[in-house]
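Reading through the structure tokens given below for one structure.
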Amino acid sequence: MAKKAEAAAPAPALIGTSGDSLREAFGKALAACANDFPKLVVLDADIAGGTGAHHFRKAFPGSFLQFGIAEQNMMAAAGGLSAVGYLPVVTTFAVFCLRAIEQARLSIAYAGRNVKIVASHPGIDVGPDGGSAQALEDLAAFRAIPGMTVISPADPAEMALATRAMLEFEGPVYMRTGRSPAKRIFGKDHTFEIGKGRIIRDGKDVTLIACGVEVGRALEAAAILADEDISARVVNMATIKPIDEALIATCARETGAIVTAEDHNIYGGLGGAVAEALARAWPCPVEFVGLKDTFGASGEPEELAEHFAISAPFIAEAAKRAISRKAHA
Amino acid sequence: MNMKPAKAEIQTEGAQRVQPLNISSPSLIEDIAAAARFVRRHVIASIYHAGSGHPGGALSCADILACLYGAELNLWPDSIHDPHRDRFVLSKGHAAPALYAVAAHYGFCDAKDALNLRKLNSPYQGHPHVKDLPWAETSTGSLGQGFSVALGMAMGLKLQHSTARVYALLGDGEMQEGEVWEAAMCAAHHKLDNLCVLVDYNKMQSDDRNENIMGLEPLAAKLRAFNWAVAEIDGHDIKAILSGLHRAAATFEKPAALICHTVKGKGVPYMENLPQWHGSVKLTRQQAEDALAALDATLWEIKELLDGQKS
């Protein structure tokens, strides 16, 4: 059955680094679709060059609002702009979203404002800037805010689709982009829907559920496992909240073991969300790939992925551990 | 009781803002004084019924709120969704009982319902919540944020070329929040002359006097240095408040701050100038009766407020 499924859903090609980071893809997509959202305003705290928002600033300077290096004020002011009819997109680094999370909680989520928070520079993907700049807590923190949707697209093509979907969606959204050049995973036929995970490579022995930059690594891990005759399914879980519980249960039932992979602390993010869903629907062995309750460090993103054990070989090892824990093994 | 211009005069886009009030009109002053008295009595009664709440800072801002709702805001119960209405944000959200009371007095909600403070299934939460009460304009209760939300509103209204103005009432202790100074810098930079901040400067905060916790002075000089138009007024002198609001509405390319010198617990002698009445406190029956008597309530009014009898 798995063989048949694999034939029906060929693994997408990993086209390598495209030169376009997720943040640049976001900025370009935002500028490209802005004409369809006349109420759109983009808020910046003096890092438009880093978040991708510079593309929007260049195209629509009149709808670009500068707040200076003062994220708390910017975050709450977005609530006020929403209250008078605008569609605000707050752009800053993920760590500074954490700095202003209480403003996101009270003046955006609690007040029921339709504000989009787009966070660049998440995880150790930040690279040389080091541990202070590498947000490893944002998925967990924003996921815990009632009513907050949390998404983390995997490649530039998906980022473009997610940017539009986020603007069309009614309600507060936290979206991760990314700093480093991103792997290209999806072609022109890719579709994106908030709340839906997607099987992007089928398999029968284990399911690798990943988000963001870890999706490319999960595909590489599946290739490593295939060389050892282990059939791994890969799920792109681009929406962390609300998580696609039905798909998670299906994968647990069909493959019997799960690995989660995220550029985030292993606590409370994608792994936590998947484990919660499994505990309710279909308990099975789960292994968590992510930073093991530690902060990041300076280095190149791929070096750091090796160092902190979130690169493809570590996902493959985690898959074998999960398979070995199956009840019948 | 409402002396503001009729609904027909509410602003529409591009229209000249009207200033139709004679702010020294004795009848207007009397009406606002009556509103402030109503607010203070309602605050005492609602906090008594709730068994908790913050009376000190609700009483100190009663005259300011009465002036705003009674004469300044282009806002009526049937215009709470008008995009060109003026906005008022209670940034010092713990003074919610005073907001509910002034709203009740001017017909935005039912006065008896608004006594149902801090109770499950009541929209009158301990701090204002816009999803429960649309006329609260935003949710507050975390100091500093209301100021930034008001700033965002002012920025957006300016982008829309609306003549609507935005007002935010801040506590003095609130001025210690870093976000307040982020917002102060931002409002001046963007020349938000449609934004007016009022500081309820009662000199006290939760634990003690401001000067013993974290001194604010020189507060006016700080705001002026941030490029705000600043006036200091007696926050219990209705004429002075109305005049200050009038001048604030006339600033050009500068946001306006009115530092309103007030007395914490104003109107209730046993509370005045004592930080222990900041809250959250429980009022005994005797304390509530004494407070209402000090606020010139009649025996019948006291019974009505505390026993919920219909008049």
All positions within segment B:147-161 that are buried (at least 24 other Cβ atoms within 10 Å of the Cβ) and either of a type in the set (A, V, I, L, M, F, W, C) or more than 8 Å from chain A (Cβ to nearest Cβ) (or both):
B:PHE147, B:VAL149, B:ALA150, B:LEU151, B:MET153, B:ALA154, B:MET155, B:LEU157
Would you tally the residues in segment A:59-82 being within 11 Å of chain B (Cβ to nearest Cβ) and open to solvent by 30 Å² or more (accessible area, probe 1.4 Å)?
5
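Starting from residues that are in a loop (DSSP other than H, G, I, E, B) and polar (S, T, N, Q), keep the ones in segment B:235-271 and report whichever is nearest to the chain's Cα centre (by Cα).
So the first thing to find is which residues in segment B:235-271 are in a loop (DSSP other than H, G, I, E, B), and the list is B:235-237, B:249-255, B:262-271.
Adding the requirement that they be polar (S, T, N, Q) leaves B:251, B:262.
Numbers: B:THR251: 21, B:THR262: 12 Å.
Here the answer is B:THR262.
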Residues that are open to solvent by less than 20 Å² (accessible area, probe 1.4 Å), farther than 15 Å from B:MET155 by Cα and either out of contact with any Asp or Glu (no Cβ under 7 Å at 6 or more places or on another chain) or of a type in the set (Ser, Thr, Tyr) (or both), drawn from segment B:172-207
B:GLY173, B:GLU174, B:MET175, B:GLU179, B:LEU198, B:TYR201, B:MET204
Just wondering, is there one or more residues in segment A:249-270 that are within 22 Å of A:ALA297 (Cα to Cα) and assigned to a helix (DSSP H, G or I)?
yes
Of the conditions (1) out of contact with any Leu (no Cβ under 6 Å at 6 or more places or on another chain); (2) within 14 Å of chain A (Cβ to nearest Cβ); (3) not hydroxyl-bearing (Ser, Thr, Tyr), B:ASN212 fails just one. Which one is it?
(2)
Return the residues of segment A:140-178 that are surrounded by fewer than 24 Cβ atoms within 10 Å (Cβ to Cβ), touching a strand residue (DSSP E or B) at 6+ places or on another chain (Cβ under 6 Å) and acidic (Asp, Glu); say none if nothing qualifies.
none
So for segment A:95-102 (the condition being of a type in the set (Gly, Ala, Ser) and more than 8 Å from chain B (Cβ to nearest Cβ)), does at least one residue qualify?
yes
Which residue out of A:PRO38, A:PRO88 is open to solvent by 10 Å² or more (accessible area, probe 1.4 Å) and free of Cβ contacts under 8 Å to residues at least 60 places away in the same chain?
A:PRO38
Unmet requirement for A:HIS54, which otherwise passes all of (1) open to solvent by 10 Å² or more (accessible area, probe 1.4 Å); (2) within 10 Å of chain B (Cβ to nearest Cβ); (3) touching a Gly at 6+ places or on another chain (Cβ under 7 Å):
(2)
Residues (part of a helix (DSSP H, G or I) and among the aromatic types (Phe, Trp, Tyr)) located in segment A:283-326
A:PHE314
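Okay, residues lined up against (1) basic (Lys, Arg); (2) over 18 Å from B:LYS131 (Cα atoms); (3) away from chain A (no Cβ under 14 Å); (4) open to solvent by 10 Å² or more (accessible area, probe 1.4 Å):
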| residue | (1), (2), (3), (4) |
| --- | --- |
| B:LEU65 | no, yes, yes, no |
| B:LEU68 | no, yes, yes, no |
| B:ASP82 | no, no, no, yes |
| B:LEU99 | no, no, yes, no |
For B:GLY173, work out the one condition from (1) within 26 Å of B:PRO97 (Cα to Cα); (2) of a type outside the set (A, V, I, L, M); (3) in contact with a Phe, Trp or Tyr (Cβ under 6 Å, 6 or more places away or on another chain) it doesn't fulfil.
(3)
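The values are calculated or read from the model by the stated rules, or taken from the named source; none is laboratory data. Since the model is a prediction, treat every value here as computed from it, not as a measurement. Glycine gets a Cβ as well: all are built from the backbone with ideal geometry, and neighbour counts include every protein chain shown. We work out accessible area using only protein heavy atoms, side chains counted, and drop any ligands, DNA or RNA first. Shrake-Rupley method; radii C 1.70, N 1.55, O 1.52, S 1.80 Å.
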